[in-house]
1. May I ask you to evaluate 6.51 cos²θ - 1.76 cosθ + 1.60, the Karplus curve with θ = phi - 60°, for each residue of the range A:264-273 and list the ³J(HN,Hα) values in order in whole Hz, giving x for glycine and proline?
2. Considering the rotation that carries chain B onto chain A, locate the chain B residue whose Cβ comes closest to its axis and report the distance in whole Å.
3. Around B:His211, what is the net charge, scoring Lys/Arg as +1 and Asp/Glu as -1 over all other residues with Cβ under 10 Å from its Cβ?
4. Quick check: at a probe of 1.4 Å, how many percent of the accessible area of chain A sits on carbon and sulfur atoms?
5. One decimal, nm, shortest first: give the distances between the label point of A:Arg252 and those of the same position in the other copies, each label point 7 Å from Cα along Cα→Cβ.
6. Report, as an integer, the average count of C-beta atoms from other chains found within 10 Å of each Cβ along A:237-250.
7. Net charge near A:Trp66, counting Lys/Arg +1 and Asp/Glu -1 over other residues with Cβ under 12 Å of its Cβ?
8. Calculate, for B:Asp173 and A:Ala147, the FRET efficiency according to 1/(1 + (r/R0)^6) with r their C-beta to C-beta distance and R0 51 Å; round to the nearest 0.05.
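The values are calculated or read from the model by the stated rules, or taken from the named source; none is laboratory data. None of the values given here were measured: they were computed from a predicted structure. No Cβ is skipped: glycine too gets one built from the backbone with ideal geometry, and neighbour counts run over all protein chains shown. Only protein heavy atoms, including side chains, enter the accessible area calculation; ligands, DNA and RNA are left aside. Shrake-Rupley method; radii C 1.70, N 1.55, O 1.52, S 1.80 Å.
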Protein chains: 2
Amino acid sequence: MGASVPDHFERMWSDLAPVGRSAHSGGYFRQPFAAAERELDAWFVEQVSARGLRLETDAFGNRIAWWDAGEGPGVMTGSHLDSVLDGGGYDGPLGVVSALAAVDRLHERGFRPARPIGVSVFVEEEGSRFGLACLGSRLATGATTWAKAQVLKDRDDVRLDEAMSSSGMTGGDPWLDRSRVACFVELHVEQGRDLVDRGAAVGVASRIWPHGRYRFDISGEPNHAGTTRMEDRHDPMLTYAMTALAANKQARLAGQRATFGRVDTAPNSTNSVPSAVTAWMDARCESDEALASLVGAIVRQARDRAERDGTRLTVTPESVSGAVDFDPDLISRIAADHEDGDWPVLPTQAGHDAGILSAQGIPSAMLFVRNPTGVSHSPAEHAEMPDCLAGVDALAETLARLAS
Amino acid sequence: MGASVPDHFERMWSDLAPVGRSAHSGGYFRQPFAAAERELDAWFVEQVSARGLRLETDAFGNRIAWWDAGEGPGVMTGSHLDSVLDGGGYDGPLGVVSALAAVDRLHERGFRPARPIGVSVFVEEEGSRFGLACLGSRLATGATTWAKAQVLKDRDDVRLDEAMSSSGMTGGDPWLDRSRVACFVELHVEQGRDLVDRGAAVGVASRIWPHGRYRFDISGEPNHAGTTRMEDRHDPMLTYAMTALAANKQARLAGQRATFGRVDTAPNSTNSVPSAVTAWMDARCESDEALASLVGAIVRQARDRAERDGTRLTVTPESVSGAVDFDPDLISRIAADHEDGDWPVLPTQAGHDAGILSAQGIPSAMLFVRNPTGVSHSPAEHAEMPDCLAGVDALAETLARLAS
């Protein structure tokens, strides 16, 4: 007889553990259409084949493994395999591995779905390479068009269409809608400590906070760091530094989030006043109005400082996603009526493919698995194995409810 | 008959103009032991050969082209061919090309030197690749030992000894002292506007301000930019931003210079609170005491902020050079007794190989050529051709005085 579902899970998990891991930091570098992420993609194809599922691959590299059964549009679950730079091992892969293990669980139980069940992997969820989060699900649903996306460039000036074509993808039209997928449930490691506080291994997402990424391009006047008098300078580093502090302060005061985690300096030379600083702000708020207000306040302070520094500032929103309220009916079908009581329902500040599908009209929901420290996007991201296995059971139960 | 000296100069200048030039910015990228700088080095070897000079190359890649004549230690002139990242075309090459043209001028006049005249090119003057300015002259004179320098690494973790050996250099012992070189005169584009204010094409350096480079390593706690509450963060970007503003303010108040022109962020990801920020401060002051005081004040403010942010800060001085007063006798032999009056004598805030040689006991001096905007370490760095030719004449006159 075959191995048990916990054994399956642990074996899959140890398959993935070394791929794209930095020996230096212990973090993961799994950028889309590059070696480590492609290895994970090949691993997924093998897993699908071993289970006799039917693999559907779209023009963007998104994958769905179908358990063809029953009729009508499918119940889909899954997540992503890419990571942020130096990220954790759970954000994304936990949802994919749990989805495969949940399918194993249903098979083991002899469950017969009344409709197809799909296990999905969306590409470039983090936006770590091309700057647009949830790129794969945006393209599949039409939230972003291929015409707009194909010209996006990575840090080495490689275009998205070039990167995709080197992996065999051509780009194309959106195709993912309610005629194909009746509902989507994404399992994810929690990126906070709500479940720790509630003493629960698994919870259900209620909503995603609005989220924006804004590029600040600040240009000044390059010059010699020794000979140029301080009062003669037009130094973009000063405008940037003050903006980073202002963002932190404004977000703190408002009880929201704003972060400058990425900054590129030109020419990045110790003995030169820089010619330009480009920096990216990530901002998230509990409402669309709060986001607009926070970003407005930060940009105003940045513009004032640029005027004083004699630098030029342009601010470009690279992506702005409104609040997503997950489908209330779906939430209650998932969370209610369990032997051990209702599962907790909680909001999140992190974006997910489930948010994109939901905004595009596909009823969606999320399961969260407890994260003991709440740390995420970091090598320290973690979930305990018993909680991961509880997540598999919860996902199997959810799929059984939705596909019956 | 051969071309005139101005023609020689202009031809050499146009030979160099395209090498390592960015079509995007118009600036130069001529880092040591990499393609563009090696092309300039090969060009220098050709120029030396065409003039029948004897080429001496040391174990570090420094070059001296000797006009063997007379006896005793030589009179040396020259500069460097490397540039800062995205730098100007004049900083360094003007001194080398002018030295060759001055030798041509002396030949043309039938001058017979009473001692050898050498044209030198020192490697890695800017420190743009291995972080230590005037590396070639430091190694040649023993101001820095090979044992210490060989383990320096560039941004791609290539060690200096690896980079040198790929260009055929082995490293070795210092050799440059007064028994070899009686005095050194470096011609350089001015990196300020003193000569503009004085209405003079050429001037003589009096002294170099003290100069230090300090690496600030700030580490914090990587985390998710969306889900981590502002008050739970230990964000090294905030410590850095406040330090950059403090450096500017302190330097402005003190009438000195402090610049953060280079910053590296890890993992440099938009949706992550960074794990670490490394930044380099360039500081220059009119006295050693002022430099210690300025750096002390900035580091104190940085430490206070790191404590508030819950980040860890270490500050490493990568190089600190004391004030250099050039040889007063040499200055007066060069600057005095000209038909059009004495040449102006002025200080500089920029470091040079002449400062290293001077500090190591070799009488040294510098000639500056007017820079209409004062801008340097920038694509906009410039000198007018008539001023450049006046520099050649001034250098030829200087060599004639010193080698008679």
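1. Using θ = phi - 60°, the values come out as 10, 10, 10, x, 6, 10, 4, 9, 10, 5 Hz.
2. Its Cβ sits closest to the axis: B:Ala241, 2.
3. On the way: positive: B:Arg213, B:Arg257, B:Arg284; negative: B:Asp282.
Charge balance in the 10 Å sphere: +2.
4. Details: 6990 of 14620 Å².
Of the solvent-accessible surface of chain A, carbon and sulfur hold 48 percent.
5. Spelled out, the distances from A:Arg252's label point are 2.2 nm.
6. Values: counts 11, 7, 0, 4, 13, 4, 1, 8, 7, 1, 4, 7, 2, 1.
Taking all residues of A:237-250 together, the mean is 5.
7. Values: positive: A:Arg51, A:Arg54, A:Arg63, A:Arg115, A:Arg180; negative: A:Glu56, A:Asp68.
Here the count lands on +3.
8. On the way: r = 64 Å, r/R0 = 1.25.
It comes out at approximately 0.20.
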